[in-house]
Each structure stands twice: as structure tokens, then as C-alpha cells.
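*Asks:* Quick one: the structure is below, questions incoming.
The values are calculated or read from the model by the stated rules, or taken from the named source; none is laboratory data. Everything numeric here is computed off the predicted structure, so don't read it as measured data. Quick reminder, even Gly has a Cβ in these numbers, built from the backbone with ideal geometry, and neighbours come from all protein chains shown.
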Amino acid sequence: MKLGYIFGAIDAWRKLASLRMKPRMAYRLAKYAKEVSAEWEFTEKQRVALIHELSGVPEGQPASIQQGTPEFAKYTKRFMEIMETDCDLRKIDLNFDKVLDAIGENQENELTPQEVDVLLPFFSESVELALAEAA
């Protein structure tokens, strides 16, 4: 899995981890969400270090790079290289249908179609694959 995918999915993972569900499923997802979060934190540290490097601002001080500058072009190129890096995170051995069953029909437990789309690749078998096999 690419770091960029994890970087873009962190909000959906945080939301999923905040939903109410049975303890056993909550435990499994919490363990995996910690792994996702660790990869995201690793990537975020690289992003911040890159900004400091290219802006010439020492770490620990606020730094930014203005759009349209040569530094911003370098930042964009190097950050995209980071996003394309493979990481060690493996898919969770869990069918997404089981997650949907666990969060149930409670109105407080809502995921948008976009959040579901972002989460599906993290699971060993997606709902779409299961539906295709059943047809």
C-alpha cells in the first residue's frame, strides 16, 4: 500500500474508529487503526521536515512554503515521491461486510459513500468483490 493512500484515508479511519460497535470488532479495528495512524504520523513527519528543509526554517518553528515559488515546485515533486512510497501496512484480514454489520443501522453510525470508498482497499475482501462473486 502506498503512503499517499494512507495519508488521504486518515480522516475516514478516524471516523470509523469513533463509531459504536460490538467490543470484539472495536478491538480489531482499533488495533489496525493504530497501525494506519502510525504510517500517517510517519508520513506527516516527513512532510513537515521537507517544509522546514526547503524553507530554511529550523525545526520547531512555524514554517511554510508559498505557492508559485521554486521551493513550492520542489516541495510538490518531493512530497509526491513520498506519497508513492510503498509501506509495510497490510490489509486487515476482515471482510468489510462484517464491519458494516458491526456498526449496524444506528443513525449515529454513518459513513458517507466517499468514506466507504476510501476504506474499502484496506480490507481483505470488499463488499464489491463479495457481491461480484455472489452474482
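*Asks:* Just a yes or no: is a residue in the stretch 58-81 modelled with pLDDT under 95, closer than 27 Å to THR112 by Cβ and assigned to a loop (DSSP other than H, G, I, E, B)?
*Replies:* No: zero hits.
*Asks:* Here's something else I'd like to know. Return yes when LEU94 is of a type outside the set (D, E, K, R), touching a Lys or Arg at 6+ places or on another chain (Cβ under 7 Å) and in contact (Cβ under 8 Å) with a residue 60 or more places away in the chain and no when it is not.
*Replies:* The answer is yes for LEU94.
*Asks:* Consider the stretch 48-62. How many of its residues are under 25 Å from TYR5 (Cα atoms) and surrounded by 15 or more Cβ atoms within 10 Å (Cβ to Cβ)?
*Replies:* Looking only at that region, the number is 5.
*Asks:* I've got another one for you. Look at THR43 and say whether it is over 13 Å from LEU119 (Cβ atoms), in contact with a Phe, Trp or Tyr (Cβ under 6 Å, 6 or more places away or on another chain), surrounded by 12 or more Cβ atoms within 10 Å (Cβ to Cβ) and not charged (D, E, K, R).
*Replies:* Criteria met by THR43.
*Asks:* Please specify each residue of the stretch 1-56 satisfying the condition of being over 11 Å from the mean Cα position of the chain (by Cα) and of a type in the set (Val, Ile, Thr).
*Replies:* If the condition is that a residue be over 11 Å from the mean Cα position of the chain (by Cα) and of a type in the set (Val, Ile, Thr), then VAL48, ILE51 are the ones that fit.
*Asks:* Failed condition for LYS34, given (1) more than 18 Å from THR112 (Cα to Cα); (2) surrounded by 18 or more Cβ atoms within 10 Å (Cβ to Cβ), with all others met?
*Replies:* Against the list (1) more than 18 Å from THR112 (Cα to Cα); (2) surrounded by 18 or more Cβ atoms within 10 Å (Cβ to Cβ), LYS34 comes up short only on (2).
*Asks:* Same structure, new question: Within the stretch 91-135, which residues are of a type in the set (Val, Ile, Thr), over 18 Å from MET21 (Cα atoms) and modelled with pLDDT of 80 or more?
*Replies:* VAL118 - this is the single residue of the stretch 91-135 that is of a type in the set (Val, Ile, Thr), over 18 Å from MET21 (Cα atoms) and modelled with pLDDT of 80 or more.
*Asks:* Next up: So if I check each of ARG20, ARG28, which one is closer than 26 Å to ASP101 by Cβ, outside any helix (DSSP H, G or I) and not aliphatic (A, V, I, L, M)?
*Replies:* ARG20
*Asks:* While we're here: Could you list, in sequence order, all residues of the stretch 8-18 that are crowded, with 18+ Cβ neighbours inside 10 Å and in contact (Cβ under 8 Å) with a residue 40 or more places away in the chain?
*Replies:* Passing the criteria: ALA9, ALA12, TRP13, LEU16.
*Asks:* Residues that are of a type in the set (S, T, N, Q), touching a Leu at 6+ places or on another chain (Cβ under 7 Å) and either under 18 Å from SER124 (Cβ atoms) or not in a helix (DSSP H, G or I) (or both): does the stretch 92-100 have at least one?
*Replies:* no
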